[in-house]
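Step one of this worksheet: look at the structure below.
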Amino acid sequence: MHSPQSSRARLWKASGLALLLASGVASAQPLRAGPFLRWDLEERPGASVPPLAQAVSVSWLDAHDRVRWTVRLPSRMREADRVPSDCRRAHDGAACASELEAYRARPRASQPPFAIGVLRDGGVVAVADATGVLLLDVRDGKVLLDWEAPRDASARFFVDEGHFALEGAPSCAGAFLRGRMLQRCGSRLVYFNGTAAALLQLAPPRLRAQARLEAAQVVSPKPGRLRARIPFGSRTLVLQGVVYLH
């Protein structure tokens, strides 16, 4: 699990973003605010120009940018967390390229374009991308839970700006961007990647519920607006948002 990067490829030691979510509102850690998680990016030379930047691991750094531990990402994350190929699939290569540069320049104030979120709660840090969520022990990086999001979705929910509400007890609500999110709801986390949703418990770490988005759950009440109701477990996740016409 702990391994130095020993390849000919260039390792970008861009310090990662720790996203603090309180009451459904996300805020970026200020510089030198404390320990944080870094996505370790490795340049992969090949046929693509420019070469692909691939996330290979995550590291926990203290307030003085000293590495405390490093965990290699599971293969599904390493394969999915690449730019610019990931950006081309999203049809916004230019935006992703600028976000990558911003991350390399100011890692504490930004995040890689493929990241859905990083959230710390007590002794657990959650790392999320489009393929799922890792729950890691802050002390040593031990993997407490590795949840892979369901694949082969029949529908996709994408909005430029949106609002979510988790119905049930306890309920919570908040905003999200690009049709994906990692949010805290009481002692649990709510995850959505555009095609699948999950409710994750932090203590002890476990999956409480998951669901795949179905086409029948998505409606468009008016042009440029989308709404979806996704039942999972005893809860229902309600999503709504707007798609800007470019």
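Conditions tested, residue by residue: (1) in a strand (DSSP E or B); (2) touching a Pro at 6+ places or on another chain (Cβ under 7 Å); (3) crowded, with 20+ Cβ neighbours inside 10 Å.
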residue: Leu119; (1), (2), (3): yes, no, yes
residue: Ala128; (1), (2), (3): yes, no, yes
residue: Leu145; (1), (2), (3): yes, yes, no
residue: Pro150; (1), (2), (3): no, no, no
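Restricting attention to region 179-237, the residues that are under 17 Å from the mean Cα position of the chain (by Cα), of a type in the set (A, V, I, L, M) and closer than 13 Å to Arg156 by Cβ add up to 2.
Quick check on this structure: which one of Leu207, Leu200 is surrounded by 21 or more Cβ atoms within 10 Å (Cβ to Cβ) and assigned to a strand (DSSP E or B)? Talk me through it step by step, then tell me what you get.
Numbers: Leu207 fails: surrounded by 21 or more Cβ atoms within 10 Å (Cβ to Cβ).
When all the criteria are applied, what remains is Leu200.
Does His64 fit the bill of being at pLDDT 75 or above and exposed (fewer than 13 other Cβ atoms within 10 Å of the Cβ)? Considered against the rule, which asks whether it is at pLDDT 75 or above and exposed (fewer than 13 other Cβ atoms within 10 Å of the Cβ), His64 comes out as yes. Scanning region 130-143 for residues being surrounded by fewer than 20 Cβ atoms within 10 Å (Cβ to Cβ) and either modelled with pLDDT under 95 or not β-branched (Val, Ile, Thr) (or both) gives a total of 4. In summary, Leu182 fulfils each of the numbered conditions (1) within 17 Å of Thr131 (Cβ to Cβ); (2) in a loop (DSSP other than H, G, I, E, B) with the single exception of condition (2). The residues of region 23-51 that are buried (at least 18 other Cβ atoms within 10 Å of the Cβ) and modelled with pLDDT under 80, listed by number, are Gly24, Ala26, Gln29.
Specify which of the listed residues (Phe157, Phe164) is surrounded by 15 or more Cβ atoms within 10 Å (Cβ to Cβ), assigned to a loop (DSSP other than H, G, I, E, B) and either at pLDDT below 95 or not charged (D, E, K, R) (or both). Can you show your working first?
Values: Phe164 fails: assigned to a loop (DSSP other than H, G, I, E, B).
Selected residue: Phe157, the only one of Phe157, Phe164 that is surrounded by 15 or more Cβ atoms within 10 Å (Cβ to Cβ), assigned to a loop (DSSP other than H, G, I, E, B) and either at pLDDT below 95 or not charged (D, E, K, R) (or both).
Screening region 167-176 for residues that are over 16 Å from the mean Cα position of the chain (by Cα) and not small (Gly, Ala, Ser) and picking the one that is surrounded by the fewest Cβ atoms within 10 Å (Cβ to Cβ) gives Pro170.
The values are calculated or read from the model by the stated rules, or taken from the named source; none is laboratory data. Since this is a predicted model, take the numbers as computed values, not measurements. Glycine gets a Cβ as well: all are built from the backbone with ideal geometry, and neighbour counts include every protein chain shown.
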